[in-house]
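Here the structure is laid out as structure tokens; the discussion comes afterwards.
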Amino acid sequence: MPEQLEGSVAVARTVARCRPQVVCAYPITPQTHIVEGLSVLVREGSLAPCEFVNVESEFAALSVAIGASATGARTYTATASQGLLYMAEALYNASGLGLPIVMTVANRAIGAPINIWNDHSDSMSQRDCGWLQLFAEDNQQAVDLHVQAFRIAEELSVPVMVCMDGFVLTHAYEQVELPTQEQVDAFVPLYQPRQVLDPQAPITIGAMVGPEAFTEVRYLAHETQLRALEVIPRIGAEYAEVTGRPGGALVSAYNMTDADIVVVAMGSVLGTLKDTVDELAADGTQVGVVGITTYRPFPAAAVRAALADAARVVVLERAISPGVGGPLTADVRGALAGLSTEIVTVVAGLGGRAITRPSLRAMLLEAGRGALDLLTFLDLDLPQIQRAQLTGAGR
Amino acid sequence: MTTDVKFYQVGSFAVGNRLLSRDLRTVQSEETRANALTCGHRACRGCGEALGARYALDTAIEATKGKLVVVNATGCLEVFTTPYPESAWQVPWLHSLFGNAAAVATGVASALRAQGREDIRVVAQGGDGGTVDIGFACLSGMFERNDDVLYICYDNEGYMNTGVQRSAATPPAARTATTPAVGPEPGNRFGQGKDVPAIAMAHRIPYVATATVADLHDLEAKVRRAMELRGARYLHVLVPCPLGWATESDETIKIARLATQTGLFPVFAAENGDVVDVTPIRHHVPVDPYLEAQGRYAHLFAPSRRADVIARIQAEADRNIVRYDLLGRRGGT
Ligand SMILES: Cc1ncc(C[n+]2csc(CCOP(=O)(O)OP(=O)(O)O)c2C)c(N)n1
Ligand code: SF4
Ligand SMILES: [Mg+2]
């Protein structure tokens, strides 16, 4: 039965139904409501047995998760922005050790300048850390992806980030249907760790590996990520069977028939984009939308298949790699290598700047005329930049 | 006529002596010892850290009847024991990062608790750098939450694994690769010190103790006591490093003993924030022979004797002696 819930509350309750045994967290906006919710569920005893550990930093949060996961406990944490960067060293460690930790990233910009609002710079900055990254389009999908994340993580023995836009999703109240406890129990079986710290059968985890085997270790990690490209849709299909709702996929596609232009995007902006292309369709302009649900591993073949018929592709980026442009564009270009598709980048919605339908509409019409530069900043306030340059603040 | 046969070793308190009565023997003297850290590791000859770790863990294993999990910070101990595909560890052992051993151990303890397996105990261990510098926040967090972990710091007073650089545990005037013996004030500068056992005590955790590899009976007793207790416990063990201190590899024990006999390294135990036991100095010596025996202090004796610097170091030793009443002048503890 659908309920009217805040995104964070929906995620907290869903995670609890996955029965994590250790939850650790350090507060950072806009992740706070999720871990607050879980702390209540643990305290009141509705999530048990579970240890909720209040730690002194995100580095410690993920380190506690590493210890717990290596001991065979299902483990969850959540963070955002500066917190994710503060974890960076431990992120690589968790994936290197093959620990199936699930973590929510409530996507938020990175400072300076400090900014608590939404964009994708945080998780994108960690795209090469060996974690899977799934991006939710709305809160229903955020809920559904979390349940699947535990299955995917434990089947592949890799950690998974479920990324949901800060505020836009975490703090939004909308109709969400949570999977029931019975459904989750049927779908996510008891965690069977691949290896575990156990005095009965002592093993060494985290040995020092030299040049003679390091490449092979990394090769295997790459292979595991490629396997995820098969595992994610399979588990998604199973999830659909159990819950009757669509399961996670690699990519999503909308309004693709006769679309010359296709916009590629991730996260909550997909909703606004779909509304915008509906408006454009009513006016006789067909623009398709491809959503990237699985950002890591990057589903290059699925992206290529989805974009095969597009003459022009606009990659809408919620992050920027200064001096380069958009991080997602590089992946899309790679996926379309050898095709003559025209690819442009539009950087939009940094640090919580609203991405409005009128702006998208104008941009897409321009794209249709082939008038967009290789790199465009949506709604760039030029007078503000000129003022900053005049006062020297821009330097 | 019968004469009493005197076994030469009966009177010896050597750690390997099996002729001592059972209660005085070390775990290490027993053939049933666990050999947590077995042969084949790559430590330098005379490494105090390897010695300390072996005694500490074998005792913890005995105290827990083998139900032990060990978390290790990055550092010499981690590197010389686990060159893949080999491992010198006979215990379940996890290395994650340099600065997070205390937090990882909290995670292990939390998981064991959630799984109802609290009979399995957790030891975290690291060098002084991994403990008092980069791992300090995680350590303090673990103390403050009173997580059920014994953390053992093997203090060799520097970043040895990376080639003997200065850490916050490096003593004043000591030469390291980043505090070279050049200029008017050679070696490490005199700071305010970072007394981590005292900081641990300020957290009022159940148990804080110091020990050295010169008194392995004492080290074992302290690990045993620590494992009798639950909650956060901290053991700070002085482990001379022949490579970093520029000492002879057969002098590790002697150097550690001098560190205690001078008062530079006070040996004590504290429970719930209060000192409950101090090991008195039996043969008090000035700091000179301790410093002279180590190449890292060579610049204090040649080309000319730096009496001023030696006096400052002596003052630190004297302050410890007063503070912990190491000469028993206050009459018992
Ligand atoms: C985050 C990070 N910074 C630096 C290092 C490099 N590093 C590895 S071991 C080590 C020194 C370890 O010193 P200590 O903890 O005192 O142990 P020891 O080797 O002296 O026993 C350093 C600096 C690292 N591995 N990780
Ligand atoms: S450098 Fe020092 S601490 Fe490291 S193995 Fe050698 S003696 Fe031991
Ligand atoms: Mg050291």
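Observations
- Summarising the label geometry, the points placed 7 Å from Cα in the beta-carbon direction at B:GLU144 and A:ASP278 lie 4.9 nm from one another.
- In terms of surrounding Cβ atoms within a 10 Å radius of their Cβ, A:CYS18, B:CYS76 rank from fewest to most as A:CYS18, B:CYS76.
- Unit charges at the beta carbon, dipole of the range A:110-219: most positive-side option, A:ALA142, A:VAL184, A:ALA112: A:ALA112
- Database remark: amide H of B:VAL285 closer than 5 angstrom to the amide H of B:THR262 (H placed geometrically; neighbours at sequence offset of 5 or more, or on other chains; Pro and chain starts carry no H).
- Filter on B:LYS65/B:LYS194; B:LYS67/B:LYS222; B:LYS65/B:LYS254; B:LYS67/B:LYS254 - keep pairs with C-alpha separation over 26 Å: B:LYS65/B:LYS194; B:LYS65/B:LYS254; B:LYS67/B:LYS254
- Within the range B:236-333, trypsin sites (Lys or Arg not before Pro) in DSSP loop having at most 14 other beta-carbon neighbours inside 10 Å: B:ARG282, B:ARG305, B:ARG329, B:ARG330
- In degrees, nearest ten, helix A:58-70 long axis to first principal axis of chain A (Cα): 50 degrees
- A:GLU155, A:GLU216 arranged by Cβ crowding within 10 Å, fewest neighbours leading: A:GLU216, A:GLU155
- Normalised by 2.2 N^0.38 Å, with N the number of residues, the alpha-carbon radius of gyration of the range A:58-155 equals 1.05.
- Here is the size of the range A:133-226 from its Cα atoms: Rg then Dmax, 17.9, 54 Å.
- Between B:ASN188 and B:ALA173, B:ALA174, B:ARG175, B:THR176, the built amide H atoms are under 5 Å apart, and every one of these is 5 or more places off in sequence or on another chain.
- Using alpha-carbon coordinates, inclination of helix A:32-43 to the longest axis of chain A, degrees: 20 degrees
- Applied to the range B:104-117, the Karplus parametrisation 6.51 cos²θ - 1.76 cosθ + 1.60 on θ = phi - 60° returns per-residue 3J(HN,Hα) values of 4, 5, 4, x, 4, 5, 5, 5, 4, 5, 5, 8, x, 10 Hz, with x for Gly and Pro.
- The largest-to-smallest principal axis extents of the Cα set in the range B:14-324 are 63, 44, 43 Å.
- From phi via Karplus (6.51, -1.76, 1.60), per-residue ³J(HN,Hα) for the range A:224-238 in Hz, x at Gly/Pro: 4, 5, 5, 4, 4, 5, 8, 5, 4, x, 5, 5, x, 5, 4
- Taken over the range B:254-333, the convex hull of the Cα atoms encloses 94 Å³ per residue.
- In sequence order, calculated HN-Hα J values of the range A:198-206 (Karplus, 6.51, -1.76, 1.60; Hz; x Gly/Pro): 8, x, 5, 9, x, 10, 9, 10, x
- Proxy reagent accessibility, fewest Cβ within 10 Å first, across A:VAL143, A:VAL217, B:VAL196, B:VAL69: A:VAL217, B:VAL196, A:VAL143, B:VAL69
- Every pair of different Cα atoms in the range B:119-243 enters the Kirkwood calculation, which places the hydrodynamic radius at 15.2 Å.
- The range A:3-243: C-alpha gyration tensor shape, a/c 1.5 cut-off, then a/b vs b/c: rounded
- Summarised as an ellipsoid, the protein assembly as shown has semi-axes of 57, 29, 22 Å, derived from the eigenvalues of the Cα gyration tensor scaled by 5 and square-rooted, with the largest first.
- Modelled FRET efficiency - R0 25 Å, A:MET208 with A:TYR92, Cβ distances, 0.05 increments: 0.95
- Most positive-pole-ward Cα, A:THR170, A:ILE232, A:ALA94, against dipole of the range A:3-243 from beta carbon charges: A:ALA94
- Taking amide H positions as modeled 1.01 Å from N, with prolines and chain starts lacking one, the residues under 5 Å from A:THR376 and 5 or more places away or on another chain are A:THR345, A:VAL346, A:VAL347.
- Estimated 222 nm signal from helices in the protein assembly as shown, with DSSP H stretches of n ≥ 4 weighted -39500 (n - 2.57), rounded to 500: -11500 deg cm²/dmol
- Between 0 and 90°, nearest 10: helix A:7-17 axis offset from chain A longest Cα axis: 30 degrees
None of the figures in this text is laboratory data; all of them are computed from the coordinates on show. Source: prediction; values computed, not measured. Cβ atoms come from the backbone with ideal geometry, glycine included; neighbour counts cover every protein chain shown.
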